[in-house]
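I have placed the structure first, in the form of structure tokens, so that the comments after it can refer back to it.
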């Protein structure tokens, strides 16, 4: 313990702080969080990218964490659709145009499956069901 590398300790603390914030936001039981999973996973992966000025120890830590993220995190189409449908994340700014187009198409297909849009519609239009009530006098 006499030879603690303070720079490594600072770098580790900073890296792990991102994981703490992600964990806290994704663990909320007061509001939905499915739309946050994909953006947070992408952020965490970007924080684990090896930089040229990282120490050898930090490079190893980042590589190991990135491998664990790849192995342990299973993202589905539902994560992408939830990200697209939520007002705060709907821009899909971290996605390429082809990924956005694919998510839009996946959303259309899911809406068709659950009967929210009709199969022949080419754009997302929500069908409103109205109920008529007669006023009684």
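The values are calculated or read from the model by the stated rules, or taken from the named source; none is laboratory data. Note that the coordinates shown come from a computational prediction; the quantities given were computed from them, not determined experimentally. Here Cβ is always computed from backbone atoms with ideal geometry, including for glycine, and neighbour counts include all displayed protein chains.
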Restrict the check to the stretch 60-72 and report whether at least one residue is without any contact (Cβ under 8 Å) to a residue 60 or more places away in the chain, surrounded by 12 or more Cβ atoms within 10 Å (Cβ to Cβ) and not in a helix (DSSP H, G or I).
no
Quick check on my filter: what residues within the stretch 43-52 are without any contact (Cβ under 8 Å) to a residue 24 or more places away in the chain and farther than 17 Å from residue 13 by Cβ?
46, 49, 50, 52
Can you confirm whether residue 65 is more than 12 Å from the chain's Cα centre (by Cα) and either farther than 17 Å from residue 100 by Cβ or not assigned by TED's automatic domain parsing to the domain that holds residue 4 (or both)?
yes
